[in-house]
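The block underneath contains the structure these notes are about, expressed in structure tokens.
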Amino acid sequence: MTSCVFCKIVAWETPSQRVYEDDSYIAFLDINPINFGHTLIIPRKHYANVDEAPEEEVANLMKLAKKIGPAVVRAVDADAYNIGVNNGRAAGQLVDHVHLHVIPRNEGDGLKAWLGRGRYPEGEMGATAKKIKEVLEKQ
Ligand code: AMP
Ligand code: ZN
């Protein structure tokens with residue numbers, strides 16, 4: 001059995017709030033968001049990082065960020081979004097399954113960056129995922 005938490009999310013062995021899925025990729029809410037709506041996009045197939053993943057997978061992750069980013073922004077009423085990759089331990093990568101962070105940002109929210117992590121109040125994570133899914137489905 002895999003010990004990779006994102007593989008477990010892919011296999012529904014670990015719960016997640018999914019906002020998008022297709023045959024090859026899924027997107028779900030980060031459990032410790034920098035801002036509410038912070039979303040992770042991953043391939044279903046396990047690659048440790050950008051260096052291990054085929055070029056096409058990396059390109060497709062970015063294509064999905066272009067689709068999901070604006071939907072997140074609309075759903076949580078943000079102004080913009082960051083697309084981020086931590087590649088390798090020294091760069092802050094904690095989960096060794098390649099992923100893109102899509103982080104909604106508001107004018108003047110201050111760069112909370114990777115240290116200013118939050119927690120959703122009870123029920124808020126599911127409600128946020130639902131809003132993002134609704135925006136994506138209408139596109
Ligand atoms: P990184 O530091 O780029 O490897 O980011 C890994 C991210 O995965 C962190 O932002 C974590 O908050 C997030 N994370 C870890 N476990 C889970 C989980 N079970 N569900 C959702 N997000 C998770
Ligand atoms: Zn994995």
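The values are calculated or read from the model by the stated rules, or taken from the named source; none is laboratory data. As the structure is a computational prediction, the values presented were derived from the model and not from experiment. Ideal geometry is used to build each Cβ from the backbone, glycine not excepted, and the neighbour counts take in all protein chains shown. Keep in mind that these areas ignore ligands, DNA and RNA; they rest on the heavy atoms of the full protein, side chains included. Shrake-Rupley method; radii C 1.70, N 1.55, O 1.52, S 1.80 Å.
Going toward the positive end of the dipole of the chain, with +1 on Lys and Arg Cβ and -1 on Asp and Glu Cβ, which of VAL135, ILE41, SER24 do you reach last? Result: VAL135. Here LYS63 sits with roughly 140 square angstrom of accessible surface, probe radius 1.4 Å.
Work out the FRET efficiency for VAL95 and MET62 from their Cβ-Cβ distance, taking R0 = 22 Å, and round it to the nearest 0.05. Intermediate values should be presented prior to the final figure.
On the way: r = 19 Å, r/R0 = 0.84.
The formula returns an efficiency of 0.75 here.
Between GLU107 and ASN86, how high is the FRET efficiency from 1/(1 + (r/R0)^6) when r is the Cβ-Cβ distance and R₀ = 22 Å? Nearest 0.05. The formula returns an efficiency of 0.30 here. Between THR128, THR39, THR14, the GNM of the chain built on Cα springs shorter than 10 angstrom shows THR14 fluctuating the most. Solvent exposure of the chain, expressed per residue, is 57 Å² of accessible area, with all protein chains present and a 1.4 angstrom probe.
If a paramagnetic tag sat 7 Å from the Cα of LYS130 along the Cα-Cβ line, which residues of the stretch 9-25 would have the backbone N under 20 Å from that point? Within reach of a label on LYS130, which here means backbone N under 20 Å from a point 7 Å along Cα→Cβ, the stretch 9-25 contributes 15-21.
Sequence gap of 8 or more, or different chains, plus Cα separation below 14 Å: how many lysine pairs satisfy both in the chain?
4
Helix 55-76 axis versus longest C-alpha principal axis of the chain: approximately 20°, rounded to the nearest ten.
On a per residue basis, the convex hull of the C-alpha atoms belonging to the chain measures out at 112 Å³. Each residue, SER24 and ALA48, gets one label point 7 Å from its Cα in the Cβ direction; the gap between the two is 2.3 nm. Taking the longest Cα principal axis of the chain as reference, the axis of helix 124-138 is set at about 80 degrees. Counting Lys and Arg as +1 and Asp and Glu as -1 over every other residue whose Cβ lies under 13 Å from the Cβ of TRP12, the net charge comes to +1. The listed residues ARG89, ARG119, once ranked by accessible area (1.4 Å probe) with the largest placed first, stand as ARG119, ARG89.
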